[in-house]
Amino acid sequence: MKKILCLLLTAIFLASCSAETPAEPAVSEPAAETEAMEAPEIAEIQSEEPEITEPEPEEEPAPVTPAVIAEPVTEEGYLTRAGTRVPEETVNKYPQLTNLPTLYLELPSRAGLRSVEHGVYTEASYTIVDGDHTNSYYDLPLQIKGRGNYSWSFAQKPYTLKLAAKADLAGMGEAKKWVLVTVHSDKTMLHNYLTQECAAWLGLPGTCDNEYVDVVANGEYVGTYVLTEKIQIHKNRIDVMEQKSALFEIEMVYRHTCDLCFVMYENKRDPSNSVHICLKEYNGKDVEDLTSGQRMQAFGEYKTFFDNVSAAMKSGSMEELEKYIDVDSFVNWYLLNELTRNYDSKFVTSCYCFRGEDGKLYMGPCWDYDTCYGAQFAETEGAWIQQAPWYQWLFEFNEPFVQAVKDRWAELRTEGNDIAEWFWTNMDATVERIAVSEKMNHELYPNSEFVNTQYDAAVKYMKRWLEARIQWMDSEFLGVSGNSGNAALYCGNDATEEIASKYDDLAKYIKANSADGPDGYANEGVRNLFDGDKNTKYCLDMHGEIEVTFELKQAHAVEAYMFRTGNDTMEYSSRNPNSWVLYGRSSVSDEWTLIHEVKNGEENLGAMNHIWYGFEVEDPKEYRYYKFVFREDGIMQLSEIQLLGKE
């Protein structure tokens, strides 16, 4: 109990901190010092309760309290969500840590979640506290196992929960099977949650409900998770008649071993990149529970069915297409996944579809969006999902389907039904709702798997990226021309945006092929810095200082400059230069004059791919020759340098 009290006091403290709204930090600024209190580590029992300084009355936030006791206790105890009664001491044992539901897990091993194996169920029990005790469940049995592929390697791992009895967790409907989705690869903690919420808003059938939860295992706080429904045919999930339906997952061959799969696309040059449709459920049964006869029946039925689906997609006829697929679900699934530019949704993995009672194929439910919204690929332009086999055929051969996509996007950009406004409203509301829990989570896990930057900066980047992607969608489907928004997107902070808009690009003043410096890796030489191509870079292994010199066609004042990060900086953030100095001189015989210096380079350059970071010169003067001196201990890389001034 003392362990839980320590965490609860920390949550209250963080809530009071979050009530003060500081200016949003830019990526280029050094990270602000965190408050003195450390992240909650329940396993460490403090000998004394920490002193908490009371905030000023006018700044006092709504307190974060344990579960509210709404019903007077009787001799039988409190009535719970499960319809049972529990003693007062049990209710008090499990406080709600923040405004989000708190999920407590008790495992037999002292190692807690660290004892859970991937794919192997472990017996455990759970308590979930959600508001007052009438919405909560206490000390009930479940089984838990590790899940995921690459995500199983994260510090915060994902899990599957199988309850002994159905329960309505966080108001999402009664079921036995649930998933704890890790947020470790998404610094914003928004990607999975918001995408599922948007899928529901779009009307995609079978969309999973989800809710943030604070998770405590064996008295140890283990972070914020997204508790979500498991994809399955079920009255509270994909609500279709089990005896007339089937559930499938679309994956590339290298992602699975499957003995009941249907070939969607065969890549003869690289069979591992062929695309299969894998049967998951058939007529109310999981595929592993089917008899050999049922397997043969399923294969024969759906081999013919998917052949007909493929032929309809290539027919060019909407009438033929509507015989086999639910066009609305295919359109909505496409638009959401094209908008988020989710890598896996190019039919790599985690792409689901099901056959409904009407005999048609439906796309969805949506699943697994942790590395989209520019987190894995920063580019905002270009079609992505159209490269997936079914959608490739639909866009190539079926003009009526393409028109349906354009018409639906037009609907989603009308006032009162604008998908952009939906995102801006729900992003802000969600960030506010999870604020206390987010701080606790990032105290425990300060770095995400891909983006090691400040939380506010990651949210701002997501907004910039999404804005630019929406503008590309407008251009693609509505014929709206103009700036795609990439100029703003690729700026890593507000200061860089201001610099980029304030000055002119001086690229035309740089003498061609004048850049000189130490050799980089193959095809990654110094002249790539000035070639105007973000897909090339200067990359080399260095220990100490290097000089990069270049010449202008005539003397000109450099009033600011910008660096663009490399293509894989999210994965290798240490490759940003540690520090640098810019020098200038008027002739080769002159001494170099210091123009500008940055001593904390890695703090000023974010861990993002292909992002500009700008720096303004205080006292610019005209020079013809310029030199950057970079300092780094290890590999350094930049994709571009841009000089700015007045033409």
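The values are calculated or read from the model by the stated rules, or taken from the named source; none is laboratory data. What you are looking at is a predicted structure, and each value in this text was computed from that prediction instead of being measured. Here the Cβ is made from the backbone with ideal geometry for all residues, glycine too, and neighbour counts use every protein chain on show. The accessibility values were calculated without ligands, DNA or RNA, using every heavy atom of the protein model including side chains. Shrake-Rupley method; radii C 1.70, N 1.55, O 1.52, S 1.80 Å.
Quick check: is even one residue across region 253-268 hydrophobic (A, V, I, L, M, F, W, C) and in contact with a Pro (Cβ under 6 Å, 6 or more places away or on another chain)?
Going residue by residue through region 253-268, those that are hydrophobic (A, V, I, L, M, F, W, C) are 253, 258, 260-264.
Next, only the ones that are in contact with a Pro (Cβ under 6 Å, 6 or more places away or on another chain) stay: 264.
Yes, region 253-268 contains a residue that is hydrophobic (A, V, I, L, M, F, W, C) and in contact with a Pro (Cβ under 6 Å, 6 or more places away or on another chain).
Filter region 329-350 for residues that are open to solvent by 10 Å² or more (accessible area, probe 1.4 Å) and in contact (Cβ under 8 Å) with a residue 60 or more places away in the chain; which is farthest from Asp407 (Cα to Cα)?
Among those residues, the one meeting the criterion is Ser350.
Quick check: is even one residue across region 211-225 touching a Cys at 6+ places or on another chain (Cβ under 6 Å), modelled with pLDDT of 90 or more and open to solvent by 10 Å² or more (accessible area, probe 1.4 Å)?
No: region 211-225 contains no residue that is touching a Cys at 6+ places or on another chain (Cβ under 6 Å), modelled with pLDDT of 90 or more and open to solvent by 10 Å² or more (accessible area, probe 1.4 Å).
Somewhere in region 473-480, is a residue out of contact with any Phe, Trp or Tyr (no Cβ under 7 Å at 6 or more places or on another chain), of a type outside the set (Asp, Glu) and open to solvent by less than 70 Å² (accessible area, probe 1.4 Å)?
Taking every residue of region 473-480 in turn, at least one turns out to be out of contact with any Phe, Trp or Tyr (no Cβ under 7 Å at 6 or more places or on another chain), of a type outside the set (Asp, Glu) and open to solvent by less than 70 Å² (accessible area, probe 1.4 Å).
Kindly indicate which of Tyr391, Tyr373 is closer than 24 Å to Lys230 by Cα, of a type in the set (Phe, Trp, Tyr) and touching a residue at least 40 places away in the same chain (Cβ under 8 Å).
The conditions single out Tyr373.
For the subset of region 176-196 comprising residues that are surrounded by fewer than 20 Cβ atoms within 10 Å (Cβ to Cβ) and touching a Leu at 6+ places or on another chain (Cβ under 8 Å), which member is nearest to Thr430 (Cα to Cα)?
Going through the qualifying residues, I end up with Lys177.
Working only within region 494-553, note down all residues that are of a type in the set (Val, Ile, Thr) and in a helix (DSSP H, G or I). First the steps, then the outcome.
Applying the first criterion (of a type in the set (Val, Ile, Thr)) to region 494-553 yields 496, 499, 510, 526, 536, 546, 548-549.
Of everything in region 494-553, those that are of a type in the set (Val, Ile, Thr) and in a helix (DSSP H, G or I) turn out to be Thr496, Ile499, Val526.
Restrict the check to region 374-381 and report whether at least one residue is open to solvent by 30 Å² or more (accessible area, probe 1.4 Å), in a loop (DSSP other than H, G, I, E, B) and farther than 30 Å from Thr569 by Cβ.
no
Taking the criterion of being part of a strand (DSSP E or B), open to solvent by less than 20 Å² (accessible area, probe 1.4 Å), touching a residue at least 24 places away in the same chain (Cβ under 8 Å) and among the polar types (S, T, N, Q), would at least one residue in region 115-130 satisfy it? Before the answer, list the steps.
Step one: list which residues in region 115-130 are part of a strand (DSSP E or B), which gives 117-118, 120, 122-129.
Those left that are additionally open to solvent by less than 20 Å² (accessible area, probe 1.4 Å): 124, 126-129.
Narrowing the set further to residues that are touching a residue at least 24 places away in the same chain (Cβ under 8 Å) leaves 126-129.
Next cut, among the polar types (S, T, N, Q) only: 127.
Yes, some residue in region 115-130 is part of a strand (DSSP E or B), open to solvent by less than 20 Å² (accessible area, probe 1.4 Å), touching a residue at least 24 places away in the same chain (Cβ under 8 Å) and among the polar types (S, T, N, Q).
Could you please let me know if Met264 is more than 21 Å from Gly206 (Cβ to Cβ) and of a type in the set (A, V, I, L, M)?
Answer is no for this residue.
Within region 254-274, which residues are of a type outside the set (Ser, Thr, Tyr), without any contact (Cβ under 8 Å) to a residue 24 or more places away in the chain and over 22 Å from Gly300 (Cβ atoms)?
Listed by number, the residues that qualify are Asn267, Lys268, Arg269, Asp270, Pro271, Asn273.
Could you run through region 554-569 and say how many residues are assigned to a loop (DSSP other than H, G, I, E, B) and surrounded by 22 or more Cβ atoms within 10 Å (Cβ to Cβ)?
4
Do we have any residue at all in region 421-440 that's at pLDDT 95 or above, in a loop (DSSP other than H, G, I, E, B) and closer than 19 Å to Ser329 by Cα? Before the answer, list the steps.
Going residue by residue through region 421-440, those that are at pLDDT 95 or above are 421-440.
Within this subset, residues satisfying the condition of being in a loop (DSSP other than H, G, I, E, B) are 434.
From what is left, the residues that are closer than 19 Å to Ser329 by Cα are none.
No, region 421-440 contains no residue that is at pLDDT 95 or above, in a loop (DSSP other than H, G, I, E, B) and closer than 19 Å to Ser329 by Cα.
Got a number for residues in region 382-404 being within 18 Å of Trp472 (Cα to Cα) and within 25 Å of the chain's Cα centre (by Cα)?
Residues meeting the conditions: 6.
Yes or no: region 629-639 includes at least one residue that is of a type in the set (S, T, N, Q) and open to solvent by 10 Å² or more (accessible area, probe 1.4 Å).
no
For region 488-521, enumerate the residues that are within 23 Å of Glu467 (Cβ to Cβ) and β-branched (Val, Ile, Thr).
Those that are within 23 Å of Glu467 (Cβ to Cβ) and β-branched (Val, Ile, Thr): Thr496, Ile499.
Pairs only if they're at least six apart or on different chains, beta carbon under 6 angstrom, first in region 496-521 and surrounded by 19 or more Cβ atoms within 10 Å (Cβ to Cβ), second among the aromatic types (Phe, Trp, Tyr); list them, first residue then second.
Thr496/Trp612; Thr496/Tyr613; Ile510/Phe530; Ala515/Phe530; Ala515/Phe550; Gly520/Tyr538
Is it the case, given these coordinates, that Ala199 is open to solvent by less than 20 Å² (accessible area, probe 1.4 Å), within 25 Å of Ala435 (Cβ to Cβ), among the hydrophobic types (A, V, I, L, M, F, W, C) and touching a Gly at 6+ places or on another chain (Cβ under 6 Å)? Give the steps one after another, and end with the answer.
Details: open to solvent by less than 20 Å² (accessible area, probe 1.4 Å): yes; within 25 Å of Ala435 (Cβ to Cβ): yes; among the hydrophobic types (A, V, I, L, M, F, W, C): yes; touching a Gly at 6+ places or on another chain (Cβ under 6 Å): no.
So Ala199 fails the test.
Take the residues of region 275-310 that are among the charged types (D, E, K, R), open to solvent by 70 Å² or more (accessible area, probe 1.4 Å) and without any contact (Cβ under 8 Å) to a residue 12 or more places away in the chain: which is nearest to Pro389 (Cα to Cα)?
Applying the filter and picking the extreme gives Asp307.
Could you please find all residues in region 618-628 being open to solvent by 10 Å² or more (accessible area, probe 1.4 Å) and either touching a residue at least 60 places away in the same chain (Cβ under 8 Å) or of a type in the set (A, V, I, L, M, F, W, C) (or both)?
Hits for region 618-628 are Pro620, Lys621, Glu622, Tyr623, Arg624, Tyr625, Lys627.
Can Glu597 be described as acidic (Asp, Glu), touching a residue at least 60 places away in the same chain (Cβ under 8 Å), open to solvent by 10 Å² or more (accessible area, probe 1.4 Å) and touching a strand residue (DSSP E or B) at 6+ places or on another chain (Cβ under 8 Å)?
no
If Leu194 satisfies every condition in (1) in contact with an Asp or Glu (Cβ under 8 Å, 6 or more places away or on another chain); (2) at pLDDT 95 or above but one, which is the exception?
(1)
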